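Novice: There's a structure below that I have some questions on.
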Amino acid sequence: MTWLDVPEDHPFPLHTLPYGAFAPEGAAPRLGVRVGDLVLDLAAVAHATGHPRPALWEHPTLNALLAETPEVWAQERAWITDLLTDTSHREAVEPHLHPVESVSLHLPIEIGDYVDFYASEHHAANVGRIFRPDGEPLTPNWKHVPIGYHGRSQTVVVSGTNIVRPCGQVKAPTEAGPRFAASARLDIECELGFVVGGSSALGEPVTLTDAASHLFGVVILNDWSARDIQAWEYVPLGPFLGKSFATSISPWVIPMAALEEARLPRLAQSPEPLPYLREAGGGRGLDISFEVRWNGTRVSSPEYRHMYWTPEQMLAHMTVNGASIRPGDLFGSGTVSGPEPESVGSFLELTVGGREPVNLADGSVRTFLQNGDTIEITATAPGPEGRRLSLGSCLGTVAQEKTGGTV
């Protein structure tokens, strides 16, 4: 029980202790941990209490902590818990607590590499039916390999950052050739992002058994997608400019240690994957519930428990060719979609390729995103004693394209 005045049903209880980068007004970003409606300045409190490893917190991102081992992650989490539960620390801690509404939030990690997967069978099948109506929904390799693509780490932005509408080459089926234009089919993808800790040597794969020790925590992730740019460019090498212009993540990194009650048995996989994806310790699913709001209207409620490939399998596959990892790498799950129309995680699916518009609460009608539209993705997970824990919010508003006179 914390000595802080935090209601028992608060979405950010003592149990969660998510990490983030924050800045009081007029100050530089620094690392903090959230409990209730307060943020604790970790570097300041480390020095105030004589913490033996203050250097872990003297950075504007989590990368120094991510470079440590899971044992150190656990020790630091225990230290923070002790600060907030033992009343003997109260006098030293209280001066370093900030109301969350009084600070700005920043990107919590310096991202090294970014990979995005395609791990939902329902999403892959829905997209297959839209684009290949006369063929098999899933490609032949889908149930054998966790499919993904390498994204652009420099365009990962924190929640609240405006998303400039991208421009690029587009070609409608009825047009003789491509033209340069602003995307008219701008979409979202509701995903879970996994923050990687530790490192591996080039040429040495991370085994499925070891993968869990590299999963530090999760964020909500929105893989903004320009479907018209993507449709023209993706053959034969897959996503490129239709994806690389922006990816939003929530500001709070929820440690995997806070999600033990959310772990589920892995979904049955058939056919059985190759041995490197099915050895002992093959990972588990996650019971995380999302809500997607379009200009305030809830349009979808995806459930992560339906995902086919586990994060451990994704990380093992990502390195099986010898690719190395480093602290601060990020990989996305791919769109989280379920079996029902109200559980899909993209507007491509929600509107069936733009053929079935969505009616919003303000009376407007949408197929894809218009300038000024705001998307908010929130998520919760089971916590101790039947409570629901918040993963925070991932917010983005579409801004006018910057044409430079070329469109």
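The values are calculated or read from the model by the stated rules, or taken from the named source; none is laboratory data. Because the structure is a prediction, the values reported are computed rather than measured. Cβ atoms come from the backbone with ideal geometry, glycine included; neighbour counts cover every protein chain shown.
Novice: Identify all residues within region 8-37 that are under 21 Å from Ala381 (Cβ atoms), buried (at least 21 other Cβ atoms within 10 Å of the Cβ) and either free of Cβ contacts under 8 Å to residues at least 24 places away in the same chain or aliphatic (A, V, I, L, M) (or both); write none if there are none.
Specialist: Leu17, Val33, Val35 - these are the residues of region 8-37 that are under 21 Å from Ala381 (Cβ atoms), buried (at least 21 other Cβ atoms within 10 Å of the Cβ) and either free of Cβ contacts under 8 Å to residues at least 24 places away in the same chain or aliphatic (A, V, I, L, M) (or both).
Each row is one residue, and each column tells you yes or no for (1) among the acidic types (Asp, Glu); (2) over 17 Å from the mean Cα position of the chain (by Cα); (3) closer than 27 Å to Leu107 by Cα; (4) not assigned by TED's automatic domain parsing to the domain that holds Pro275.
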site: Leu138; (1), (2), (3), (4): no, yes, no, no
site: Tyr149; (1), (2), (3), (4): no, no, yes, no
site: Ser159; (1), (2), (3), (4): no, no, yes, no
site: Pro166; (1), (2), (3), (4): no, yes, yes, no
site: Gln169; (1), (2), (3), (4): no, yes, no, no
site: Glu189; (1), (2), (3), (4): yes, no, yes, no
site: Phe194; (1), (2), (3), (4): no, no, yes, no
site: Val218; (1), (2), (3), (4): no, no, yes, no
site: Ala231; (1), (2), (3), (4): no, yes, no, no
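Novice: Then there is this: What strands (runs of 3 or more DSSP E) completely inside region 177-229 contain at least 3 residues that are crowded, with 24+ Cβ neighbours inside 10 Å?
Specialist: Where strands (runs of 3 or more DSSP E) fall fully within region 177-229 and carry at least 3 residues being crowded, with 24+ Cβ neighbours inside 10 Å, they are 190-196, 215-223.
Novice: Sticking with this one: Could you tell me how many of the residues in region 286-315 are surrounded by fewer than 19 Cβ atoms within 10 Å (Cβ to Cβ), touching a helix residue (DSSP H, G or I) at 6+ places or on another chain (Cβ under 7 Å) and farther than 13 Å from Val344 by Cβ?
Specialist: 1
Novice: Next question, about the same structure. Of the numbered conditions (1) within 30 Å of Ala74 (Cα to Cα); (2) assigned to a loop (DSSP other than H, G, I, E, B); (3) at pLDDT below 95; (4) not charged (D, E, K, R), Pro173 satisfies every one except a single condition; which is it?
Specialist: Single failed check for Pro173: (1).
Novice: Using the structure shown, decide if Ala119 is small (Gly, Ala, Ser), within 24 Å of Arg305 (Cα to Cα) and assigned to a loop (DSSP other than H, G, I, E, B).
Specialist: Yes: the conditions hold for Ala119.
Novice: Which pairs have Cβ atoms under 9 Å, sit 6 or more apart or on different chains, and link a residue in region 69-89 that is on the phi > 0 side of the Ramachandran plot to one that is of a type in the set (Lys, Arg)?
Specialist: Between residues of region 69-89 that are on the phi > 0 side of the Ramachandran plot and residues that are of a type in the set (Lys, Arg), there is no close pair.
Novice: Output the residue which, of all residues in region 246-270 that are out of contact with any strand residue (DSSP E or B) (no Cβ under 7 Å at 6 or more places or on another chain) and modelled with pLDDT of 95 or more, is farthest from Tyr114 (Cα to Cα).
Specialist: Here the residue is Glu260.
Novice: Additional query: Here are Tyr276, Tyr308: which of them is under 26 Å from Ala125 (Cα atoms), of a type in the set (Phe, Trp, Tyr) and over 19 Å from the mean Cα position of the chain (by Cα)?
Specialist: Matching residue, one of Tyr276, Tyr308: Tyr276.
Novice: Tell me, which strands (runs of 3 or more DSSP E) wholly within region 326-407 include 3 or more residues that are modelled with pLDDT of 95 or more, surrounded by 13 or more Cβ atoms within 10 Å (Cβ to Cβ) and of a type in the set (Val, Ile, Thr)?
Specialist: In region 326-407, 374-382 are the strands (runs of 3 or more DSSP E) which contain 3 or more residues that are modelled with pLDDT of 95 or more, surrounded by 13 or more Cβ atoms within 10 Å (Cβ to Cβ) and of a type in the set (Val, Ile, Thr).
A quick yes/no check of all residues on (1) closer than 30 Å to Pro339 by Cβ; (2) surrounded by fewer than 21 Cβ atoms within 10 Å (Cβ to Cβ); (3) polar (S, T, N, Q):
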{"residue": "Ala67", "(1), (2), (3)": "no, yes, no"}
{"residue": "Val72", "(1), (2), (3)": "no, yes, no"}
{"residue": "Ser104", "(1), (2), (3)": "no, yes, yes"}
{"residue": "Leu107", "(1), (2), (3)": "no, yes, no"}
{"residue": "Asn126", "(1), (2), (3)": "yes, no, yes"}
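Novice: Does Arg53 count as under 26 Å from Ile325 (Cα atoms), charged (D, E, K, R) and touching a residue at least 12 places away in the same chain (Cβ under 8 Å)?
Specialist: Spelling it out, Arg53 is indeed under 26 Å from Ile325 (Cα atoms), charged (D, E, K, R) and touching a residue at least 12 places away in the same chain (Cβ under 8 Å).
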